[in-house]
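Participant: There's a structure below that I have some questions on.
The values are calculated or read from the model by the stated rules, or taken from the named source; none is laboratory data. Since we're looking at a predicted model, the values are computed, not measured. Here the Cβ positions follow ideal geometry from the backbone for every residue, glycine too, while neighbour counts run over all protein chains shown. With ligands, DNA and RNA removed, areas are computed over all heavy atoms of the protein, side chains included. Shrake-Rupley method; radii C 1.70, N 1.55, O 1.52, S 1.80 Å.
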Amino acid sequence: MRPARSVSQVHSLPVQLAWFVGLSTCVLIATAALAQSDVDLFQRFFGTYSPLLVVSGVICVGAVLLMFLNANVQMAVVIPDVWGRGVLVCVLGASLFVLPTILVDALQPFSEDLNVTLPSAFLFYPVMGFVVEVLFHLLPLSIALFFLIYILSVGDASRRFWIAACVAAGLEPAFQIWVGAAREGLTWKSVYLGVHLFLFGLGQLYVLKSYGFLHMFLFRMVYYLHWHILWGTLRLSLLF
């Protein structure tokens, strides 16, 4: 019988960075493959910059942020002892989250070109999901925690995390509302998406705290599988 691993062993920086390097390598391979076959997909988000260069930069930023979070709040990329439970939470939680948005789309459809079509979608969404997790969650969470720990000296760890989580969870919906308002003005669907994405972000940050970054990424991938790929393919024939 193997001895139980200590918290310090599970959260040790070399182990966590090894997991992050493995995930980042997969993301880079997907980026390179898609850049060879359909580089135009990235132009809406990256402009004329090389997708490989942008994603490599995001990976470097993500590694630094995870080192900060690991050192200050013992946040992990993977926590092996809760792996199975984390997968179950991700699959069930993300599947439930996507249902009301599918209902909204069925009642009053979003634009026809909302989703990237197959087969490019299988590479595009993992890459963009990774970028979103680093820039819209890890980055604002780390900045907020830095201020709460080192500037404001908030002592209670749980209170500190959830204040930072609320700040971080608000960034993606604020961006989506801004983009939507620029296209068609502020609508009830934009407001709905803002609230929905805020709650989704809080759910993801709970998963990050409890199960690690890899599970937070999985949570988004399950959501994307339902929304962008399965429903995204079906809606084209049902709604248009």
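Participant: In whole Hz and in residue order, list the ³J(HN,Hα) couplings for region 95-101 that follow from phi through the Karplus curve 6.51 cos²θ - 1.76 cosθ + 1.60, θ = phi - 60°; x for Gly and Pro.
Facilitator: Residue by residue, region 95-101 yields 5, 6, 4, 7, 4, x, 6 Hz.
Participant: On alpha-carbon atoms, Rg over Rh for region 106-240 using Kirkwood Rh?
Facilitator: Rounded to two decimals, Rg over Rh is 1.02.
Participant: Now, a different point. Per the Kirkwood definition applied to all pairs of different Cα atoms, how many angstroms is the hydrodynamic radius of the chain?
Facilitator: 19.0 Å
Participant: With the contact rule set at Cα under 8 Å and sequence spacing of 6 or more, what percent relative contact order holds for region 173-240?
Facilitator: 20 percent
Participant: For region 128-237, what is the charge dipole size about the Cα centre, in debye to the nearest 20, if Lys and Arg each add +1 at the Cβ and Asp and Glu each add -1 at the Cβ?
Facilitator: 120 debye
Participant: Could you point to the residue in 120, 75, 165 farthest towards the positive end of the chain's charge dipole, with +1 and -1 charges on the Cβ of Lys/Arg and Asp/Glu respectively?
Facilitator: 75
Participant: Can you pull the percent of the chain's accessible area that's carbon plus sulfur, 1.4 Å probe, other chains left in place?
Facilitator: Taking all protein chains in place, the chain shows 71 percent carbon and sulfur surface.
Participant: Calculate I(q)/I(0) for region 93-140 by the Debye formula, one identical point scatterer on each C-alpha and no solvent, and give its log10 at q = 0.15 Å⁻¹ to two decimals.
Facilitator: Cα-only, vacuum Debye calculation for region 93-140: -0.59.
Participant: Under the 0.36 nm per residue contour assumption, what length would be gained going from the current alpha-carbon distance of residue 72 and residue 91 to full extension?
Facilitator: Full extension of this stretch gives 4.0 nm more.
Participant: Let me ask something additional. For the chain, what is the charge dipole size about the Cα centre, in debye to the nearest 20, if Lys and Arg each add +1 at the Cβ and Asp and Glu each add -1 at the Cβ?
Facilitator: Once rounded to the nearest 20, the dipole reads 600 debye.
Participant: Could you do me a favour and compute the accessible area per residue for the chain, 1.4 Å probe, result in Å²?
Facilitator: Normalised by residue count, the accessible surface of the chain is 51 Å².
Participant: Just in region 98-149: which chymotrypsin sites (Phe, Trp or Tyr not before Pro) are loop by DSSP and have at most 15 other Cβ atoms within 10 Å?
Facilitator: Counting only loop positions with at most 15 other Cβ atoms within 10 Å, the chymotrypsin sites (Phe, Trp or Tyr not before Pro) in region 98-149 are 110.
Participant: Helix 188-211 sits at what angle to the longest principal axis of the chain, using alpha carbons and giving 0 to 90 degrees rounded to 10?
Facilitator: Roughly 30 degrees, rounded to the nearest 10.
Participant: Cα extents of region 62-175 along the three principal axes, largest first, in whole Å?
Facilitator: 48, 33, 24
Participant: Quote the FRET efficiency, to the nearest 0.05, computed for residue 48 versus residue 99 with a Förster distance R0 of 30 Å and r equal to the Cβ-Cβ distance.
Facilitator: Calculated value: 0.20.
Participant: Just subtract the alpha-carbon distance of residue 107 and residue 236 from 0.36 nm times their residue separation and send over the number in nm, one decimal.
Facilitator: Computed gain between residue 107 and residue 236 is 45.0 nm.
Participant: Using θ = phi - 60° and the Karplus curve 6.51 cos²θ - 1.76 cosθ + 1.60, what whole-Hz ³J(HN,Hα) does each residue of region 130-141 get, with Gly and Pro shown as x?
Facilitator: 5, 4, 4, 4, 6, 7, 9, 10, 4, 5, x, 4
Participant: A follow-up question, please. Using just the helices of the chain, give the 222 nm mean residue ellipticity in deg cm²/dmol: DSSP H runs with n ≥ 4 each add -39,500 (n - 2.57), and the total is spread over all residues, rounded to 500.
Facilitator: -23500 deg cm²/dmol
Participant: Same structure again: For helix 51-73, report the angle its Cα long axis makes with the longest principal axis of the Cα atoms of the chain; keep it between 0 and 90° and round to the nearest 10°.
Facilitator: In the chain, helix 51-73 runs at an angle near 40 degrees to the longest axis.
Participant: On to the next question. Given the options 138, 103, 211, identify the residue whose Cα lies farthest towards the positive end of the charge dipole of the chain (+1 on Cβ of Lys, Arg; -1 on Cβ of Asp, Glu).
Facilitator: Final value for the positive-end residue is 211.
Participant: In Å, what Rg and Dmax follow from the Cα atoms of region 122-166?
Facilitator: Looking at region 122-166, its Cα Rg and Dmax stand at 13.6, 44 Å.
Participant: Enter the per residue convex hull volume of region 1-138, computed from alpha-carbon coordinates, in Å³ rounded to the nearest integer.
Facilitator: Per-residue hull volume (Cα only) is 146 Å³.
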